[in-house]
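The values are calculated or read from the model by the stated rules, or taken from the named source; none is laboratory data. Everything quoted here is computed from the prediction, not taken from an experiment. Every residue, glycine as well, gets a Cβ built from its backbone with ideal geometry; the counts of neighbours run over all protein chains shown.
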Amino acid sequence: MTQEPTSEPLELDPPNSNGHGKSPATGSDEDGALLYLGDRPVYSCATCSTHLALQDELISKAFSGREGVAFLFHTAINVKQGKKEERMLLTGMHTVADITCMGCGTSVGWTYLKAYETSQKYKEVRLSCRRFCHC
């Protein structure tokens, strides 16, 4: 069952839990502080350097969006999920929600909530990020 998106940060599996299949967007810790992933290779917000995902969470670099290249990840941290909407993408109709960096509010990508084409179901509960840097 897909979790209903909200404009509030989601708090789910920690980044090292390998809880693939859970909802992709995670928020901050219980105190509202941003989470940092230590010395492991990470993808960070290109605007403020807030950690967004471990390199190990990367599924594919072969994605593109309205604004260019995007990567597909299993999970991310320090992102806030926006309102869900139906969008016609290059690969068909999807229900998606934009995601923003909790550090600076910059739009960093979107999460796939539902794919209508059978061949695209693997994207569900995954997220596609743009505007990040690899550290």
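Quick notes
- Count - residues of the range 86-107 that are of a type outside the set (A, V, I, L, M) and assigned to a strand (DSSP E or B): 9
- Output for the range 108-124, where each listed residue is surrounded by fewer than 16 Cβ atoms within 10 Å (Cβ to Cβ), outside any helix (DSSP H, G or I) and of a type in the set (Ser, Thr, Tyr): Tyr116
- Restricting attention to the range 125-135 and to residues that are in a loop (DSSP other than H, G, I, E, B) and among the charged types (D, E, K, R), the residue that is farthest from Ala62 (Cα to Cα) turns out to be Arg131.
- Counting residues in the range 70-88 that are more than 13 Å from the chain's Cα centre (by Cα), surrounded by 13 or more Cβ atoms within 10 Å (Cβ to Cβ) and at pLDDT below 90 gives zero.
- The numbered conditions (1) outside any strand (DSSP E or B); (2) free of Cβ contacts under 8 Å to residues at least 12 places away in the same chain; (3) at negative phi are all true for Arg40 except (2).
- Subset of the range 77-115 (residues that are β-branched (Val, Ile, Thr) and in contact with a helix residue (DSSP H, G or I) (Cβ under 6 Å, 6 or more places away or on another chain)): Thr91
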